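A quick write-up on the structure given underneath.
The values are calculated or read from the model by the stated rules, or taken from the named source; none is laboratory data. All figures in this text were calculated on a predicted structure; none of them were measured in a lab. Cβ placement follows ideal geometry from the backbone for every residue including glycine, while neighbour counts extend to all protein chains displayed.
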């Protein structure tokens, strides 16, 4: 069954791909398969607002994405949704995808939008108190565990770890972030800014154990599901009621094994988002590893919120061209990635690829004024050789973002 | 076509201004202003702005 376009992955990337196929004049059938039981919803609030809003009459197994759900455009009214069914394998020669329930779907065009799964710490035990934050179901489960006074350990001081740490602290938990690098988030935003934000977190009550990893976890009794503490690589121990694992993600690409695709880190595509040198298979979003001519020939995955939308537009043009017999879009694909992060009332906004920089410089404002009401804000430039590769701002008037973005273009 | 922005949801990320500078702007007072009834030829720009809004506060009504 199926035929037409099959999109595997029912989150932001899959949704935007379907929308953009319609916008690119593809009028044939579209089927969207999703591992989660929910229609596409917005994930950034999961580490922030969703953890803070606690409804009085919450039912554990009865939460729908509600206001997180993306609006579905009228052009997608005839899409077939197959939810709660992950794809388990694919035969790209026969153009068939098999779902977990054994159902097989054939296609004329395939969209790969399967995203990521959080990486877990390699220890067993304590499962009842261990959490990740990727899905609405994850967030609702974590929200119930964040009772005031709970001792929370966050493994990983990246953006998700820091956002969750801020939310848990606001809920009245006692929070410690364990991070192997010398400062939180420093791979993405550089040490200088990272240390300044760390100081702001500490002033708000978060504790950090830096240059440290979790070496084991302990339960009251061997094999128990309740957690007691985590052991750190410096031979100390942290009592823990809740452990949040925010140590990065792995790509959901295993279902594509055996097809000759480069799945080294996600799905390698060309700059038209086509995978495996075929015209009718495209990948979008977190799982896609694509070259961006703005930043050289190296293909990279970019786990920013804006990327599913940007890559979907490009992928839809490629797929529609293939299916409708049109010439493909050969213009350069060089989107400027952007992301934001809200932590304790400050909003960090990033444009470009600051993580690629070899040199940073404060362009304006003051690092010591982070979080000050009516403070000057700040902007930091990230240079890669002679080129400005990225800008991160905190607390600047939003109108100024366009100015900095123009400097990156 | 009508552009509706839920200002209770909008957190002033400013992505709409980057996506559709002809339709969205910040005034000197920091408030968001937008073209409520754009021309049909601007539909794509309006949809782009709605798509990139991190809070999904922008809705295009027909």
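Going by what's in this entry, would residue A:79 be described as surrounded by 15 or more Cβ atoms within 10 Å (Cβ to Cβ) and modelled with pLDDT of 95 or more?
Values: surrounded by 15 or more Cβ atoms within 10 Å (Cβ to Cβ): yes; modelled with pLDDT of 95 or more: yes.
For residue A:79, the condition - surrounded by 15 or more Cβ atoms within 10 Å (Cβ to Cβ) and modelled with pLDDT of 95 or more - is met.
Are any residues in region B:46-62 over 21 Å from residue A:392 (Cα atoms), crowded, with 19+ Cβ neighbours inside 10 Å and more than 9 Å from chain A (Cβ to nearest Cβ), and if so, which ones?
Hits for region B:46-62 are B:46, B:49, B:57, B:58.
Among the residues of region B:30-45, are any at the interface with chain A (Cβ under 10 Å from one of its Cβ atoms), in a helix (DSSP H, G or I), surrounded by fewer than 17 Cβ atoms within 10 Å (Cβ to Cβ) and at pLDDT 90 or above?
Scanning region B:30-45, I find at least one residue that is at the interface with chain A (Cβ under 10 Å from one of its Cβ atoms), in a helix (DSSP H, G or I), surrounded by fewer than 17 Cβ atoms within 10 Å (Cβ to Cβ) and at pLDDT 90 or above, so the answer is yes.
Looking at A:175, A:160 in this structure, which one is touching a residue at least 40 places away in the same chain (Cβ under 8 Å) and on the phi < 0 side of the Ramachandran plot?
Working: A:175 fails: touching a residue at least 40 places away in the same chain (Cβ under 8 Å).
So the residue among A:175, A:160 that is touching a residue at least 40 places away in the same chain (Cβ under 8 Å) and on the phi < 0 side of the Ramachandran plot is A:160.
Which of the numbered conditions does residue A:409 fail, given that it passes all the others? Conditions: (1) exposed (fewer than 15 other Cβ atoms within 10 Å of the Cβ); (2) farther than 29 Å from residue A:283 by Cβ.
Just one mismatch for residue A:409, condition (2).
Out of all the residues in region A:73-114, which are over 29 Å from residue A:325 (Cα atoms) and part of a loop (DSSP other than H, G, I, E, B)?
Those that are over 29 Å from residue A:325 (Cα atoms) and part of a loop (DSSP other than H, G, I, E, B): A:84, A:85, A:86, A:100, A:101, A:102, A:103.
In region A:112-130, how many residues are surrounded by fewer than 22 Cβ atoms within 10 Å (Cβ to Cβ) and in contact with a helix residue (DSSP H, G or I) (Cβ under 6 Å, 6 or more places away or on another chain)?
So the count comes out to 1.
Give A:401, A:378 a once-over and let me know the one that is crowded, with 17+ Cβ neighbours inside 10 Å, within 14 Å of another protein chain (Cβ to nearest Cβ) and closer than 27 Å to residue A:161 by Cα.
None of the other options fit; the residue is A:401.
Residue by residue, here is whether (1) crowded, with 21+ Cβ neighbours inside 10 Å; (2) within 14 Å of chain B (Cβ to nearest Cβ) holds:
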position	(1), (2)
A:270	no, no
A:280	no, no
A:299	no, no
A:308	yes, yes
A:313	yes, yes
A:319	yes, no
A:327	no, no
A:349	yes, yes
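Check region A:250-262 and report whether any residue there is over 17 Å from residue A:112 (Cβ atoms) and either touching a strand residue (DSSP E or B) at 6+ places or on another chain (Cβ under 6 Å) or within 14 Å of another protein chain (Cβ to nearest Cβ) (or both).
Checked region A:250-262: no residue is over 17 Å from residue A:112 (Cβ atoms) and either touching a strand residue (DSSP E or B) at 6+ places or on another chain (Cβ under 6 Å) or within 14 Å of another protein chain (Cβ to nearest Cβ) (or both).
Just give me the residues in region A:205-234 being in contact (Cβ under 8 Å) with a residue 60 or more places away in the chain and in contact with a helix residue (DSSP H, G or I) (Cβ under 6 Å, 6 or more places away or on another chain), in sequence order.
The answer is A:225, A:226, A:227.
Got at least one residue in region A:298-318 being more than 26 Å from residue B:14 (Cα to Cα) and assigned to a helix (DSSP H, G or I)?
Yes, some residue in region A:298-318 is more than 26 Å from residue B:14 (Cα to Cα) and assigned to a helix (DSSP H, G or I).
Are any residues in region B:16-29 within 9 Å of another protein chain (Cβ to nearest Cβ) and within 26 Å of residue A:304 (Cα to Cα), and if so, which ones? Lay out the reasoning, then the answer.
Let us first name the residues in region B:16-29 that are within 9 Å of another protein chain (Cβ to nearest Cβ), namely B:17-18, B:21, B:25-28.
Hits for region B:16-29 are B:17, B:18, B:21, B:25, B:26.
Condition check ((1) modelled with pLDDT under 95; (2) touching a helix residue (DSSP H, G or I) at 6+ places or on another chain (Cβ under 9 Å); (3) away from every other protein chain (no Cβ under 14 Å); (4) more than 28 Å from residue B:4 (Cα to Cα)) across all residues:
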{"position": "A:31", "(1), (2), (3), (4)": "no, no, yes, yes"}
{"position": "A:45", "(1), (2), (3), (4)": "yes, yes, no, no"}
{"position": "A:49", "(1), (2), (3), (4)": "yes, yes, no, no"}
{"position": "A:63", "(1), (2), (3), (4)": "yes, yes, yes, no"}
{"position": "A:73", "(1), (2), (3), (4)": "yes, yes, no, no"}
{"position": "A:92", "(1), (2), (3), (4)": "no, yes, yes, yes"}
{"position": "A:97", "(1), (2), (3), (4)": "no, yes, yes, yes"}
{"position": "A:102", "(1), (2), (3), (4)": "no, no, yes, yes"}
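If the requirement is being assigned to a loop (DSSP other than H, G, I, E, B) and either surrounded by 15 or more Cβ atoms within 10 Å (Cβ to Cβ) or in contact (Cβ under 8 Å) with a residue 60 or more places away in the chain (or both), which of these qualifies: A:371, A:355?
Among A:371, A:355, only A:371 is assigned to a loop (DSSP other than H, G, I, E, B) and either surrounded by 15 or more Cβ atoms within 10 Å (Cβ to Cβ) or in contact (Cβ under 8 Å) with a residue 60 or more places away in the chain (or both).
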